[in-house]
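Read through the structure below, which is laid out as C-alpha cells, and then see the notes.
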Amino acid sequence: MAMVDEPLYPIAVLIDELKNDDIQLRLNSIRRLSTIARALGEERTRKELIPFLSENSDDDDEVLLAMAGELGVFIPFVGGVEHAHVLLPPLESLCTVEETCVREKAVDSLCKIGSQMRGSDLVDSFVPLVKRLAAGEWFAARVSACGLFHVAYQGCTDVLKTELRSTYSQLCQDDMPMVRRAAATNLGKFAATVESSYLNAEIMTMFDDLTKDEQDSVRLLAVEGCAALGKLLEPQDCVARILPVIVNFSQDKSWRVRYMVANQLYELCEAVGPDCTRTDLVPAYVRLLRDNEAEVRIAAAGKVTKFCQLLNPELSIQHILPCVKELSTDSSQHVRSALASVIMGMAPILGKDSTIEHLLPIFLSLLKDEFPDVRLNIISKLDQVNQVIGIDLLSQSLLPAIVELAEDRHWRVRLAIIEYVPLLASQLGIGFFDDKLGALCMQWLQDKVYSIREAGANNLKRLAEEFGPEWAMQHLVPQVLEMVKNPHYLHRMMALRAISLMAPVMGSEITCSKFLPVVVEASKDRVPNIKFNVAKLLQSLIPIVDQSVVDKTIRQCLVDLSEDPDVDVRYFANQALHSIDGAAVAQS
Amino acid sequence: MNGDDEEMVAASVDPYLPLEWRFSQVFGERSAGEEVQEVDVISAIEFDHYGDHLATGDRGGRVVLFERSDVRNSSGGARRDLEETDHHPLRHPEFRYKTEFQSHDPEFDYLKSLEIEEKINKIRWCQTANGALFLLSTNDKTIKYWKVQDKKMKKVCEVNSDPSKTGALASSSNPSITTACLGNGGVISSLRFPVVTSHESSPVARCRRVYSHAHDYHINSISNNSDGETFISADDLRINLWNLEISNQSFNIVDVKPEKMEDLSEVITSAEFHPTHCNMLAYSSSKGSIRLLDLRQSALCDSHSKLFEEPEAAGPKSFFTEIIASVSDIKFAKEGRYLLSRDYMTLKLWDINMDSGPVSTFQVHEYLKPKLCDLYENDSIFDKFECCISGNGLRAATGSYSNMFRVFGVSPGSTESATLEASRNPMRRHVPVPSRPSRLGSIARVVGRGSESAGGVDGSSNALDYKTKLLHLAWHPNENSIACAAGNSLYMYYG
C-alpha cells in the first residue's frame, strides 16, 4: 500500500484524462501539460508526449486552444532550444484547423518558439514548415503561413530568403480572399524583417497589389499597412510610394476603406512627416470630415483634436475649424457626439483668444444639443476648457444643460450626469455649486429609479470629500437628516444609506452627535426593512466611533433589535453584535 | 425514342440544342396511397459550389446531405481536374445519401409569446475547409453555421488506471494500480499513454455558431458574400450583415420599415449577394421591384443604386395585379451579369446593366390566369415559387402546380421550353402552350412527344392539383441536372 502515495498516481490520472470523454477533464489535463512533462522527463516528453499530442488535432476547439497555448512555452520541457523543433509538428497541425482563434494561438506559439530556435534548426525545420503551410491545400493553412514569415525570414540563407519573398508574394495574390487578408495583415511585420534593398522593389509591389484588390475587406487591411510600411521606408520613398496610396484610399469608393483611413490618419501622418501632412493630408482629412457617409465623419470627427496637435494653430483654424463648425450641426447625432467627446481638447491647442472666438460658440451650441450624449460628452471634458478660458464664459449655458440632463427621462442619462457632478463641483467652485446644484443632489436621492438614488447617495459622499466635512455639515447633512422622517420607507432607507456612506468622511464627532441619534431613532421604525438596515448601518459605524459610544449606545440599540419579531432584523442585529465582540477581542 | 443517343451526344457538343430530360434518381419516394408527413416535406434545396454535394432542409428542421457518387475520387481539387480532362458525355451526376442532422427544433419565444417553427427556410453552402463541409441553415428566426466532417470513431484502450481491471482483481482500485505499476517493472515506465484505436469513419455534424435575436420578422433569405467572411440575412423589413465568425452582433444595412406600420406597402421577399462583387447585393420586393445596392456607398443602404421594374403594363388592372407581381425569388447567374426573378405567373431574366425592363419574360403557367380568383380563395396565390439558373446561364427552371416544373432556354434566340413532372417519368405530361412564339420545328417536337404519351392529362384541365406544388428546386452548378422537391420526395433529372 506504500505505493499508493506515489506521486505518479495523479500524473497517471492526468494522462488518462487527456482522452477522457468529459471535455472539462481533458481541458484540465491539457492545462497541466507541463506537470505531465516534468514527470515524464525530457526524453519521454519528446518521444512520447509530443507525438501523442500531434495525433490529437481533432479535439474540441477549447482543448486545441489550450494545447496551442501550452506548447508555446514548452521548450524547457523538451530539453531546451536544441530540441525545440520537436514542438513544431503538433503546432503545424493546429495551424490548419478551421477555428480562427486556435490557428492564431498556434501561430503565436510557433513565432515564440521560432524566435528562440538556432539558425540551423530554423532552416532545417521551421522554414520547411512555413513552406508546407503556404502550399497547403486548404486556405486555413495558407492563412496561418502568412503570420510566420517574419520569424522564418530572419537567419535564413539568401536563397531561402528569395524563395520566401516570392512565396509571400504568391500569398498576396491567392484565390481566397481570406489568405489575401492574412497577407495584408502581416505585411508590415514581414516587411520589417526584409532587407531595405528588397523593400522598395518586392514588398512595395505586393503592397501595391493589395491596395488595388477587388475585395473591400483586403483593401481595408492594406490601409493599416500604410503606417507600418511608411515607418520602414526612407522619408522620400515614403512620400513617393505611400502618400499617393493614402490620398487614393481617402477617396476610395468604399466607405469602409475611407472609414479606416479616417481612423488611421493620425498614424499615417506620422509616417509621412509634418510637411506632407500639411500639404497633402490636410485636404484629405478635410474631405473625410465632409464625407457623405456618417460613419466616416464619426471616425474623422473623433480624431479632430489629435490631428490638430500635428498642425500649427493657424492651419487648424484655417482648414479644420470650418469643418468642425459644420460638424457641430451635423444631421447625425453620433457625429456630433463624437465631436463633442474630443472638441474640448482643441482649446489648449488653439489658445485662449481663438478658443473664445471660434470654439466657444460651438461648445455652447453642443451644450444645447437635443441628444443627451452630446451634452454629456461636453460636460465630461469641462476641465480641459477651464484651464484655458475659465469656466465663467460657459457657466451660463452650462447650468440649463446640467439641469436638463439631471431631469432627463432616461435614467441612464441621469446616472451619467451624476457621475460628473463631483468634477463639475471642483471646476465650478463652491459658490456656483451651492446656488444651483445643491437642490439637484437632494432630488436624486428621491428618484424613482434605485440606481439613481444609490448614485445620488454616493455623490453626496464624493461631494463631502471634495468640499470637506464642514461644508457638508452645512449643506448636505440637514437635508439628509430631514429625509429620515420621510413618509416613504424607501426614502428613509436612502437617507440611512447616505449616512452610512458619509459617516467615514465626516468623522467620529459629527457621526456621534448628528447621525447616531437619528439612526437609533430609526431603529424603532415600523418597517422591518428599515430596522435591519439600521442594524447593518450600526455595524458599519463601529470602526468609526469610540468604543465607549459602541458600548453605550450602539450595543443597546442592537440588543433591542435582536429581540425584534422579524427574523431578518434579528439576524442582522446578531451579526452586528458579533462584530462588536469580534472587534473587542481583536483589540484585547 | 430512337434518336436518344445521338441527341445526347449532340447536346454535349452544342450546349444550345434543346435538352431531353430524363429521370435520374429519387430519394424518399412516396409509395401509392402513402400519406406525406408534414415534417418530411422538403422546404429548401441547395447544391454546393462545386456540385459535389446537395443539401435539403425540411419542415421538421432536419438537414439531409447527399454526396456525388458517380465519381470515385472524392478529394475536391483533384476530382475537378479529372472531370475536365476526362469528360464523358453520357455520364450524369448521381448522388447518394451522406448524412442528416437536426438543425432546428421548435422553440417558444417567451418575451413575445411566439412559437418559432423548426422549418428550414434556406440553406447556403459556405467555403469548404480541411475536408469538412460548412453550411448555413435558417428557420424563421435563427441562423446556424454547421460543420460536417467525417470523424473516425475512436476507442480508447490501454489506460494507466483501467477500471475494468479493478473488478477482475476483486480489490479496491488503488492496489490494482500498484499492481499495474509493478507489473510494468519500475515506477517511471508505468506511465503510459492511452492508445487510441480508430474504427470506420462516419460524418458528424456540429453546430459551430448560432446567429440569433437579430430579426423581428421571418427570415426569408440568407446569402454568402464572395469575400468568404460575411453573409446577409433578410426578413420582411430588414437586411442584416453578419461576419461568419461573430455571432453576437450584426449590422443592419437595409431597413424598409416605415415610421408607422400603417404606411407599410412593400416588404422584402428575397435577397442575394452578387456572386463575385463583394459590394453588390440585390433584393426583391412584394411590389415586383428588384433593387441593386452598393454597400460601398453608405453604411445604411436605404437608397438603391439601381432599380429594376417591369414598365407599367398597358392592359387593365385587376385586384390581383399587385399580388401576382410580388417577386418570390431572385438568383444571380454564375458570372453575375444576369439576374433571374420569379413572380407568381412569370419567370424574368434581367441584365443588371439594363434597368428599363427584363431581357425576357417567360410565362410559367398562363392557363391559370382565369383562375386567379380561386387561387386567391385558397391562398395559393401567395405560394412562393423558387427559381434557378443553370451554371452556363443558358437555361432556367422554376416550379408550378401538380408537381410540374418548367425549363426555359434563356439565351438570346432560344425557344427551348419544357414542362416536366416530378415523377419517374418526367415527360408524361405537357402543357401544349409554348411560352412564346417559337420555331415551328420546336413546337412540332413538343406536341409530337406530348401526343405520344397516351392518356396524358392536359395541364390546363381540371386535374390541376393546387396542393401538390413544386416550390423548391436547384440547378447543378456545372452540369445539366436539376434537383427538385415534390412533397417529401427529392427528384433528380438530367438533360
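The values are calculated or read from the model by the stated rules, or taken from the named source; none is laboratory data. Note that this is a predicted model, so its numbers are computed, not measured. Positions of Cβ are backbone-derived with ideal geometry, glycine not excepted, and every protein chain shown enters the neighbour counts. For the accessible areas, the whole protein counts, side chains as well, though only heavy atoms, and no ligand, DNA or RNA atoms are used. Shrake-Rupley method; radii C 1.70, N 1.55, O 1.52, S 1.80 Å.
Scanning the range A:427-452 for residues that are open to solvent by less than 70 Å² (accessible area, probe 1.4 Å) and either aromatic (Phe, Trp, Tyr) or in contact with a Ser or Thr (Cβ under 7 Å, 6 or more places away or on another chain) (or both) returns A:Leu428, A:Phe432, A:Phe433, A:Trp444. Applying the set (1) surrounded by 16 or more Cβ atoms within 10 Å (Cβ to Cβ); (2) at pLDDT 90 or above to A:Pro322 leaves exactly one unmet item: (1). Would the range A:143-164 turn up any residue that is away from chain B (no Cβ under 14 Å), farther than 30 Å from A:Thr205 by Cβ, under 36 Å from the mean Cα position of the chain (by Cα) and not in a helix (DSSP H, G or I)? No - not one qualifying residue is present in the range A:143-164.
When the residues of the range B:330-345 are filtered to those that are in contact (Cβ under 8 Å) with a residue 60 or more places away in the chain and open to solvent by less than 40 Å² (accessible area, probe 1.4 Å), the one that is farthest from B:Cys387 (Cα to Cα) is B:Gly336.
Going through the range A:527-572 one residue at a time, which ones are surrounded by 15 or more Cβ atoms within 10 Å (Cβ to Cβ) and free of Cβ contacts under 8 Å to residues at least 12 places away in the same chain? Scanning the range A:527-572 gives a single hit, A:Arg570. Condition (residue is open to solvent by 20 Å² or more (accessible area, probe 1.4 Å) and closer than 23 Å to B:Arg296 by Cβ) applied to the range A:187-208: is it met by at least one residue? Within the range A:187-208, one or more residues are open to solvent by 20 Å² or more (accessible area, probe 1.4 Å) and closer than 23 Å to B:Arg296 by Cβ.
Of all the numbered requirements in (1) outside any helix (DSSP H, G or I); (2) without any contact (Cβ under 8 Å) to a residue 24 or more places away in the chain; (3) of a type outside the set (Phe, Trp, Tyr), A:Ser120 misses one, and that requirement is (1). Go over the candidates B:Ile188, B:Ile177 one by one and state the one that is of a type in the set (Val, Ile, Thr), at pLDDT below 50 and surrounded by 14 or more Cβ atoms within 10 Å (Cβ to Cβ). Just a single option satisfies the conditions, and that option is B:Ile177.
For the range B:103-133, the tally of residues that are open to solvent by less than 60 Å² (accessible area, probe 1.4 Å), more than 14 Å from every other protein chain (Cβ to nearest Cβ) and at pLDDT 90 or above stands at 11.
Residues of the range A:94-133 that are under 29 Å from the mean Cα position of the chain (by Cα), among the basic types (Lys, Arg) and either surrounded by fewer than 18 Cβ atoms within 10 Å (Cβ to Cβ) or more than 14 Å from chain B (Cβ to nearest Cβ) (or both): A:Lys105, A:Lys112.
crowded, with 19+ Cβ neighbours inside 10 Å, within 14 Å of chain B (Cβ to nearest Cβ) and in a helix (DSSP H, G or I): does that describe A:Leu91? Answer is no for this residue. Looking at B:Tyr211, B:Tyr283, just one residue is closer than 30 Å to A:Asn56 by Cα, away from chain A (no Cβ under 14 Å), open to solvent by less than 30 Å² (accessible area, probe 1.4 Å) and touching a strand residue (DSSP E or B) at 6+ places or on another chain (Cβ under 7 Å), and that residue is B:Tyr211. For the range B:224-236, the tally of residues that are surrounded by fewer than 23 Cβ atoms within 10 Å (Cβ to Cβ) and under 23 Å from B:Ser286 (Cβ atoms) stands at 2.
Scanning the range B:130-138 finds no residues that are farther than 26 Å from B:Glu200 by Cβ and assigned to a loop (DSSP other than H, G, I, E, B). Remark: A:Gly273 matches the filter, which requires a residue to be out of contact with any Ser or Thr (no Cβ under 8 Å at 6 or more places or on another chain), surrounded by fewer than 23 Cβ atoms within 10 Å (Cβ to Cβ) and closer than 30 Å to A:Asp208 by Cα.
Each residue in the range B:350-368 was checked for being under 25 Å from B:Leu420 (Cα atoms) and either of a type in the set (S, T, N, Q) or modelled with pLDDT under 90 (or both), and 3 of them qualify. Kindly establish whether B:Asn392 is out of contact with any Pro (no Cβ under 9 Å at 6 or more places or on another chain), of a type in the set (S, T, N, Q) and open to solvent by 20 Å² or more (accessible area, probe 1.4 Å). Criteria not met by B:Asn392. Identification of helices (runs of 4 or more DSSP H) wholly contained in the range A:1-80 with 3 or more residues that are more than 11 Å from every other protein chain (Cβ to nearest Cβ) and open to solvent by 20 Å² or more (accessible area, probe 1.4 Å) yields A:23-31, A:33-40, A:61-71. All of A:Arg497, A:Arg414 fail the test of being more than 22 Å from A:Val545 (Cβ to Cβ) and of a type outside the set (Gly, Ala, Ser), apart from A:Arg414.
Scanning for something assigned to a loop (DSSP other than H, G, I, E, B) and either touching a Pro at 6+ places or on another chain (Cβ under 8 Å) or buried (at least 20 other Cβ atoms within 10 Å of the Cβ) (or both), does the range B:309-322 turn up at least one residue? Yes, the conditions are met somewhere in the range B:309-322.
You will find that of A:Val519, A:Val527, A:Val559, A:Val585, the residue that is closer than 30 Å to A:Gly468 by Cα, of a type in the set (A, V, I, L, M, F, W, C) and out of contact with any strand residue (DSSP E or B) (no Cβ under 8 Å at 6 or more places or on another chain) is A:Val519 and no other. Does any residue of the range A:212-219 turn out to be away from chain B (no Cβ under 14 Å), open to solvent by less than 20 Å² (accessible area, probe 1.4 Å) and not in a helix (DSSP H, G or I)? No, that holds for no residue. Restricting to the range A:486-526, and then to whatever is in a loop (DSSP other than H, G, I, E, B) and closer than 16 Å to A:Gly456 by Cβ, can you tell me which residue is most open to solvent (accessible area, probe 1.4 Å)? Among residues in the range A:486-526 that are in a loop (DSSP other than H, G, I, E, B) and closer than 16 Å to A:Gly456 by Cβ, the one most open to solvent (accessible area, probe 1.4 Å) is A:His488.
Residues in the range A:343-402 that are acidic (Asp, Glu) and farther than 14 Å from A:Leu428 by Cβ were compared, and the one that is most open to solvent (accessible area, probe 1.4 Å) is A:Glu370. Condition first: open to solvent by 30 Å² or more (accessible area, probe 1.4 Å) and within 25 Å of A:Lys531 (Cβ to Cβ). Now tell me which residues in the range A:453-485 satisfy that. Once the filter is applied, which keeps residues that are open to solvent by 30 Å² or more (accessible area, probe 1.4 Å) and within 25 Å of A:Lys531 (Cβ to Cβ), the range A:453-485 yields A:Glu454, A:Asn458, A:Lys461, A:Pro478, A:Gln479, A:Leu481, A:Glu482, A:Lys485.
Here's the yes/no breakdown for (1) under 24 Å from A:Ala240 (Cα atoms); (2) away from chain B (no Cβ under 14 Å); (3) of a type in the set (Gly, Ala, Ser):
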residue: A:Arg287; (1), (2), (3): yes, yes, no
residue: A:Ala301; (1), (2), (3): no, yes, yes
residue: A:Ile317; (1), (2), (3): no, yes, no
residue: A:Pro322; (1), (2), (3): no, yes, no
residue: A:Ser328; (1), (2), (3): no, yes, yes
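Would you mind stating whether A:Leu64 is within 25 Å of A:Val123 (Cβ to Cβ) and in contact (Cβ under 8 Å) with a residue 24 or more places away in the chain? For A:Leu64, the condition - within 25 Å of A:Val123 (Cβ to Cβ) and in contact (Cβ under 8 Å) with a residue 24 or more places away in the chain - is not met. A:Leu428 passes every criterion in (1) touching a Leu at 6+ places or on another chain (Cβ under 9 Å); (2) modelled with pLDDT of 85 or more apart from (2).
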